[in-house]
Amino acid sequence: MIKIVELLSPARDFHALNAAISNGADSVYIGIEGCNMRANVKNFTIQDLKKAVEICHNADKKIYLCTNTIMKNRDISYLKENIPTIYSYGVDALIVSDLGALKIARENNIETHMSIQANISNFESLNLLEELGVKRVVLSRELSLEEIIEIKENTNLEIEAFIHGAMCVAVSGRCFLSSHLYSKSANCGECLQPCRKEWKLISEDDEEFKLLQNENESHILSPKDLCTIKHIPKLIEAGIDAFKIEGRARPADYVATVTKVYREAIDMYESGSLKFNVNWMNELKKAFNRGFDTGFYFKTPYKTSQYNESTHIKKDIGAVVNYYNNVSAAEIRLWDDLKVGDEIIIEGKTTGSLIQKVESMQIDGRDILEVQKGQHAGIKVNEKVRPNDLVYKRIKK
């Protein structure tokens, strides 16, 4: 079956990479140390890259490498030095925003995708990029759906657009606030997100800026997260080639939750159904979020965020001791209570992130409904897990 849209998920480490794959991503994008937009979080090393590519390709998934910071001479030299290794590992594409990085990728026969950092907002820009050898463009966040449709009708390039995740107060992420306050450049991947703080804007004559919809709102620089789950049919019909989930700083359970929900929505559309499943929004709310908005797709965003507005938190409660393949069960050492009906998350480097309800538990072959901390219990699991995988309980706030 030919896929009508590609679902692209983020990965900050192998846990998230495997979570994306096992929950239905068609492709994954990652960063390596030194030249991507998430310098302050864990990234893959050049040495990790070979294994990451092998995992994706063995699962028939594509993997894209972010090299999309503003690049100075030393950064270009670093990329140029490592590009032969990157090419040899078989990365499917580089995500770039710098013309020098584009030139290096072309010279080494690596497919290129133009990053959202380039703020591409019109079809003439796409047509020029086509002449330069670019295969795909991640369109500016500031475009409406009507503008995206017009671009798609006037270009041969693939277009990619964000469908879920954090939104930035700056145009396509080009912000200098972190640089001015902390000497940490957002455009070089070092953003410390000062925009997420509570701010007051006061003029010289002591007039204070207030948001009209809430006089007490103080997160004036922090937009709510993008969420388009209710509009997947419209986005598919607009001709967008790839749906991108934001979140390379997010843990594996976030990647698993969001990827699974959007996978189900896309598959339902492909099967001919336009029915919206209300449970999708409930699941998305369980993961970290600052509240939801639809970005610029249908209007100009006006809602600002609070801190994390997720409906659930995860609590570290145990670890996998063993997995028994013949009965699809895991022995788990618990340092907190657990009962049948609880929702758990099992995470590991190879496992990714398995999220399920506890349907049955046993101790010494006897069915039980509840386990006290300090005990070992056998739990039926839906997928294979591994010793030393961590176990969390998802708890409603």
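The values are calculated or read from the model by the stated rules, or taken from the named source; none is laboratory data. These numbers were taken from a predicted model, which means no experiment stands behind them. Positions of Cβ are generated from backbone atoms using ideal geometry, with glycine treated the same way; all protein chains shown enter the neighbour counts. Side chains are part of the model used for accessible areas, which takes the heavy atoms of the whole protein and leaves out ligands, DNA and RNA. Shrake-Rupley method; radii C 1.70, N 1.55, O 1.52, S 1.80 Å.
Extension gain Ile202-Thr85, at 0.36 nm per residue separation less the Cα-Cα distance, in nm?
That pair, Ile202 and Thr85, stretches by 36.9 nm at full extension.
Highest GNM mean-square fluctuation, the chain, Cα pairs closer than 10 Å: which of Glu81, Glu208, Glu237?
Glu208
For the chain, modelled as a Gaussian network with Cα springs under 10 Å, which listed residue fluctuates most, Ile163, Ile236, Ile368?
Result for the chain, Cα springs under 10 Å: Ile368 fluctuates most.
For the stretch 80-143, with only Lys/Arg (+1) and Asp/Glu (-1) charged at the beta-carbon, what is the dipole magnitude about the Cα centre, in debye rounded to 20? Provide the component values of the computation, followed by the final result.
On the way: 6 positive and 9 negative charges, 19 e Å.
For this selection, approximately 100 debye.
Greater than 26 Å separation of Cα atoms is the criterion. Which listed pairs, Lys62/Lys396; Lys51/Lys197; Lys152/Lys230, meet it?
Working: Lys62/Lys396 35 Å; Lys51/Lys197 38 Å; Lys152/Lys230 22 Å.
Where the Cα-Cα span goes over 26 Å, the pairs concerned are Lys62/Lys396; Lys51/Lys197.
Past 24 Å, Cα to Cα: identify those pairs from Lys200/Lys314; Lys135/Lys299; Lys3/Lys234, in the order given.
Pairs exceeding 24 Å: Lys200/Lys314; Lys135/Lys299.
Distance in nm between label sites at Trp335 and Glu131, each 7 Å beyond Cα in the beta-carbon direction?
Each label point lies 7 Å from its Cα, and together they span 6.2 nm.
I need the Kirkwood Rh of the stretch 306-397: take the reciprocal of the average 1/r across all distinct C-alpha pairs and report it in angstrom.
Result for the stretch 306-397 stands at 13.2 Å.
For Arg106 and Lys396 in the same chain, what is the full-extension length gain: residue separation times 0.36 nm, less their Cα-Cα distance, in nm?
Going from the current span to full extension adds 99.5 nm.
In deg cm²/dmol and to the nearest 500, what is the mean residue ellipticity at 222 nm of the chain if only DSSP H runs of at least 4 residues count, each as -39500 (n - 2.57), divided by the residue total?
On the way: 10 runs with 106 residues, N = 397.
It lands at -8000 deg cm²/dmol.
Could you give the Stokes-Einstein D for the chain in µm² per second, using the C-alpha Kirkwood radius, 4 °C, 1.567 mPa s? Write out the running numbers ahead of the final one.
On the way: Rh = 22.5 Å.
D, rounded to a whole number, is 58 µm²/s.
Please find, in a Gaussian network model of the chain (springs between Cα atoms separated by less than 10 Å), the residue of Gly365, Gly247, Gly318 whose mean-square fluctuation is greatest.
Judging by the Gaussian network model, the answer is Gly365.
With every protein chain present, what is the per residue accessible area of the chain (1.4 Å probe, Å²)?
Heavy-atom SASA per residue in the chain reads 47 Å².
Under a Cβ-only charge scheme (Lys and Arg +1, Asp and Glu -1), can you give me the dipole magnitude of the chain about the Cα centre, in debye to the nearest 20?
Dipole magnitude for the chain comes out near 1000 debye.
Counting every Cα pair in the stretch 8-130, what percent are over 22 Å apart?
That tail contains 32 percent of the Cα-Cα pairs.
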